[in-house]
Amino acid sequence: MDRTPIQVLFVEDSEVDVELALRSLEQGGFEVSWNRVDLEEDLKRALGASQPHAILSDFSMPRFDGIDALRLSKELAPGVPFIFLSGTIGEERAIEAMRLGATDYVLKNNMRRLVTVVRRALSEAGERERIRVAEEERARLVQILEATSDYVCMTDPAGTITYLNAAGRKLIGAPESQGAGKSTGEIYPAWARELIEREGTPVASSTGAWTGETAILGADGTEIPVSQVIIAHRGPGGEIRFFSTIARDIRERKAYEARLQYLANYDPLTGLPNRDLLGDRTLQAVAHARRASRPAALLVLNLDRFKLVNESYSRGAGDALLRMVADRLKSAVREGDTVARLGGDAFAVLATDLARPDDVLSVARKIREAMHSPFRLEARDLHVTLSIGASVTPRDGEEFDMLLRNADAAMHRVKAEGRDGFQFYAAAMTRQAAERVELENELRLALEKNQLEMHYQPQVVLADGRIVGVEALMRWNHAQRGSISPGQFIPVAEDSDLIHPLGAFALAESCRQIRVWGDAGSAELRLAVNVSARQFRSPGFVNTVERALRASGLAPRNLELELTEGVLVESRDRTVAVLKGLKELGVQIAVDDFGMGYSSLSYLSRLPIDCLKIDRTFVSQARRRQDAAIIQTVILLAHSLGVRVIAEGVETVEQLDFLRMHRCDQAQGYFFSPAVHPGAMAQLLAAGSIRPPAGKFN
Ligand code: C2E
Ligand code: CA
Ligand code: CA
């Protein structure tokens, strides 16, 4: 027979009584290790050392009292069963003993009962311990639930709340330690309650758990979006005992998602739909146009000379203007139309449900009228014009990208033709654009393949035909197309970044060439090099010039940069700064194509200009009285300012005579020589002058 090992502490003066008790315990199936004390100090020490399974105590001993022993034991070992084992014990004392916490009592003359009493005491003590541990654990869990920031709630199967943790109470605004007793119906907004009843509870009941996004009504009645888990808890019989819910406040995430959604679809500066959203709307519009046979139009709008605003106003002024333009655009179009910002200074309008394609004209007119009155920017009035291009679906395409590209092509056509206008897309534009792209690609390769070279056209003194300078003009020897005119490829280079390497090449190569001629003994020669607008405005331009000078050793005074009037007129401050840098290098500045009408001489006179080149068109019309008068005035004014004058495109002896008569300084043109390759130029230089046939004023 298996014995149950137990440790017993006897509080007993009689060793014989201990023997008796031991015997009956052992007979009853216990294997006892034991200890005996009969003094208070000994009991204290024994309990301090280790806790027995049971204490068996005599009631009255010579030097110790059973009740005292009981008190002490309850204090030092409260969980250990304390059983009186006594010869006699009166009824009253027995009751007192029980009241003080004795587990039971056994009379020494009824020792058989001892085994039963000890067994029961041990099992009860075990049960108590289990409960204590379980309770401790439960308390710990509740502590955790109270501390978590998630909402935790338990409900009975009928939906009444039995527990709501601190986070939950806070969320619904229930006072401390309340919340229980409420019905879940009061906690959820109607739609969430409906979702939980229709889906949450049934799914949790059948599969154990349900996860979803719902909402909880906050203290002030606002809906708080939550992500929620519902768990069904079953009893041993499989019946549902209760439901628990864990929910997490996802307000932040929702707000973040909403912001992302907004950013993905709207332009933060103007609040207008962005390109993506415009794309979606266009798709809908295309579908509607097909169904209803009513065309829709996509207009692309670009602010003219927006760059100037950024340059001549403070930072932020550009943004302010874009916002104002956005507002006017919105009020200019119909309710159902979409105004979008494509980026930078580019906007778009999607006009739907038109009766005829030509109705776009009136949309464009309204938009342009909306820009009519000046914009008030930093206490100044600013006039804004738009270049507008439009494509119409289904005529010009049924895909957003294509409609946008086509409208854009039309808009660029407006820009090219002088801005401030409107154009429909015409199919021919794409062909042109494609050719342009091809040309750009080939031009990129042309540099590497050494297909670019510089030709030179002499500049002569009108009085005697002496060659005093040359203008460097670029040539492109295309493998298939032969020589391509710079008039064709320079604008393409201007539109891409190619103008920078191209311009640097022109400068470096022509400076080098002049030096070679100089070394060969030719007289001092001035080199004129054309500079395009983009090139002039690029930040490194002055450096590029300096490098070319240094690399070639050409004297700076012998380099003249030709800038068109347009370049000099735009963005004045920046222009003046760059000119100053160039003058510090010591190079000369010529105004190319002068007379094309952008500027007045009085404006130019305030810039450090060394030379005016009268445009070919004036020279060729010199016989007309008006042009003759202009040339005359220009020469006089230029001379009064100490500026040299060169006439361009001189082709006939009549033109030559006319220019001589009016004391024009120098000339270039086919009459003397076209631009020629360096070898031919060397021959002209060897002769030193080109003596024209004698004219009237010779
Ligand atoms: P541009 O600066 O006005 O150059 C003068 C243009 O007139 C040259 O055309 C020249 O060949 C042409 N020309 C000269 N004499 C006569 C004449 O008597 N009659 C006529 N009808 N034309 C004459 P080209 O070489 O075709 O150059 C065209 C434009 O391309 C130039 O106009 C200039 O703006 C630009 N360009 C040429 N080379 C360069 C360059 O290296 N860099 C830059 N940025 N632009 C260049
Ligand atoms: Ca020129
Ligand atoms: Ca010119």
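In table form, for the structure just shown:
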item: Unmet requirement for Gln626, which otherwise passes all of (1) at pLDDT 90 or above; (2) surrounded by fewer than 17 Cβ atoms within 10 Å (Cβ to Cβ); (3) away from ligand 1 (no atom under 13 Å from the Cβ); result: (1)
item: Enumeration of residues in the range 494-503 that are of a type in the set (Gly, Ala, Ser) and either near ligand 1 (Cβ under 8 Å from one of its atoms) or modelled with pLDDT of 95 or more (or both); result: Gly503
item: Answer residue from the range 511-531, given it is surrounded by 15 or more Cβ atoms within 10 Å (Cβ to Cβ) and part of a loop (DSSP other than H, G, I, E, B) and is nearest to ligand 3 (Cβ to nearest atom) among those; result: Val531
item: Residue match in the range 300-314 (condition: of a type outside the set (A, V, I, L, M), in the same structural domain as Asp396 (by TED's automatic domain parsing) and modelled with pLDDT of 95 or more); result: no
item: Test: residue in the range 459-473 that is away from ligand 2 (no atom under 14 Å from the Cβ), more than 30 Å from Arg691 (Cβ to Cβ) and either among the small types (Gly, Ala, Ser) or part of a strand (DSSP E or B) (or both); result: no
item: Filter result (in contact with a Gly (Cβ under 8 Å, 6 or more places away or on another chain) and either closer than 12 Å to Ile609 by Cβ or within 16 Å of ligand 3 (Cβ to nearest atom) (or both)) within the range 644-653; result: Ala647, Glu648, Gly649, Val650, Glu651
item: Condition broken by Leu604, with the remaining ones in (1) modelled with pLDDT under 85; (2) assigned to a helix (DSSP H, G or I); (3) under 20 Å from Pro458 (Cβ atoms) satisfied; result: (3)
item: So Gly566, is it within 14 Å of ligand 2 (Cβ to nearest atom), on the phi < 0 side of the Ramachandran plot and either within 44 Å of the chain's Cα centre (by Cα) or among the basic types (Lys, Arg) (or both); result: yes
item: Candidate set: the range 638-651, residues that are at negative phi and away from ligand 1 (no atom under 16 Å from the Cβ); chosen: the one surrounded by the most Cβ atoms within 10 Å (Cβ to Cβ); result: Ala638
item: So Val80, is it in contact with a helix residue (DSSP H, G or I) (Cβ under 6 Å, 6 or more places away or on another chain) and modelled with pLDDT under 95; result: no
item: Odd one out for Asn477, checked against (1) surrounded by 15 or more Cβ atoms within 10 Å (Cβ to Cβ); (2) farther than 30 Å from Leu361 by Cα; result: (1)
item: Breaking point among (1) buried (at least 18 other Cβ atoms within 10 Å of the Cβ); (2) closer than 17 Å to Asp401 by Cα, for Gly343; result: (1)
item: Near pairs, Cβ below 9 angstrom, 6+ apart or cross-chain, from the range 141-168 (without any contact (Cβ under 8 Å) to a residue 40 or more places away in the chain and assigned to a strand (DSSP E or B)) to any residue that is surrounded by 14 or more Cβ atoms within 10 Å (Cβ to Cβ) and among the basic types (Lys, Arg); result: Thr160/Lys182; Ile161/Lys182; Leu164/Lys182
item: Boolean, Ser206 is hydroxyl-bearing (Ser, Thr, Tyr), under 21 Å from Thr148 (Cα atoms) and not in a loop (DSSP other than H, G, I, E, B); result: no
item: Residue match in the range 598-607 (condition: more than 13 Å from ligand 1 (Cβ to nearest atom), closer than 24 Å to Leu559 by Cβ and of a type in the set (Ser, Thr, Tyr)); result: yes
item: Residue check for Leu321: more than 18 Å from Leu298 (Cα to Cα) and either surrounded by 17 or more Cβ atoms within 10 Å (Cβ to Cβ) or of a type in the set (A, V, I, L, M) (or both); result: yes
item: Among (1) modelled with pLDDT under 85; (2) surrounded by fewer than 16 Cβ atoms within 10 Å (Cβ to Cβ); (3) touching a Gly at 6+ places or on another chain (Cβ under 9 Å), the one test that Arg557 misses; result: (1)
item: Residue tally, condition in contact with a Leu (Cβ under 9 Å, 6 or more places away or on another chain), more than 16 Å from ligand 3 (Cβ to nearest atom) and within 13 Å of Leu559 (Cα to Cα), over the range 488-508; result: 1
item: Condition check for Phe536: crowded, with 18+ Cβ neighbours inside 10 Å, over 16 Å from Glu440 (Cβ atoms) and away from ligand 2 (no atom under 16 Å from the Cβ); result: no
item: Any hit, the range 50-69, residues being farther than 16 Å from Glu12 by Cα, in contact (Cβ under 8 Å) with a residue 60 or more places away in the chain and crowded, with 17+ Cβ neighbours inside 10 Å; result: yes
item: Selected residue (criterion: farthest from Thr155 (Cα to Cα)) from residues of the range 235-280 that are in contact (Cβ under 8 Å) with a residue 60 or more places away in the chain, surrounded by 14 or more Cβ atoms within 10 Å (Cβ to Cβ) and basic (Lys, Arg); result: Arg275
item: Test: residue in the range 475-493 that is under 35 Å from the mean Cα position of the chain (by Cα), in the same structural domain as Gln655 (by TED's automatic domain parsing) and within 16 Å of ligand 2 (Cβ to nearest atom); result: yes
item: Check on Ile635, of a type in the set (A, V, I, L, M, F, W, C), away from ligand 2 (no atom under 16 Å from the Cβ) and surrounded by 16 or more Cβ atoms within 10 Å (Cβ to Cβ); result: yes
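Results for (1) more than 30 Å from Ala215 (Cβ to Cβ); (2) of a type in the set (A, V, I, L, M), shown as yes or no for each residue.
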site: Ala97; (1), (2): yes, yes
site: Leu114; (1), (2): yes, yes
site: Val118; (1), (2): yes, yes
site: Met154; (1), (2): no, yes
site: Thr160; (1), (2): no, no
site: Ile172; (1), (2): no, yes
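To keep it simple, each residue is scored yes or no on (1) touching a residue at least 60 places away in the same chain (Cβ under 8 Å); (2) within 16 Å of ligand 3 (Cβ to nearest atom); (3) outside the structural domain of Arg475 (by TED's automatic domain parsing); (4) not in a loop (DSSP other than H, G, I, E, B).
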| residue | (1), (2), (3), (4) |
| --- | --- |
| Lys613 | no, yes, no, yes |
| Phe618 | no, yes, no, yes |
| Leu636 | no, no, no, yes |
| His639 | no, no, no, yes |
| Gly642 | no, no, no, no |
| Gln655 | no, yes, no, yes |
| Cys664 | yes, yes, no, no |
| Phe672 | yes, yes, no, no |
| Met681 | yes, no, no, yes |
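For every residue, the table says whether it meets (1) free of Cβ contacts under 8 Å to residues at least 40 places away in the same chain; (2) closer than 20 Å to Thr270 by Cβ; (3) small (Gly, Ala, Ser).
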{"site": "Ala292", "(1), (2), (3)": "no, no, yes"}
{"site": "Lys307", "(1), (2), (3)": "no, yes, no"}
{"site": "Asn310", "(1), (2), (3)": "yes, yes, no"}
{"site": "Ala332", "(1), (2), (3)": "yes, yes, yes"}
{"site": "Ala346", "(1), (2), (3)": "no, yes, yes"}
{"site": "Leu354", "(1), (2), (3)": "no, no, no"}
{"site": "Arg376", "(1), (2), (3)": "yes, yes, no"}
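The values are calculated or read from the model by the stated rules, or taken from the named source; none is laboratory data. All of these numbers come straight from a predicted model, not from anything done at the bench. For neighbour counting, all protein chains shown are included, and Cβ atoms are generated from backbone atoms with ideal geometry for every residue, glycine included.
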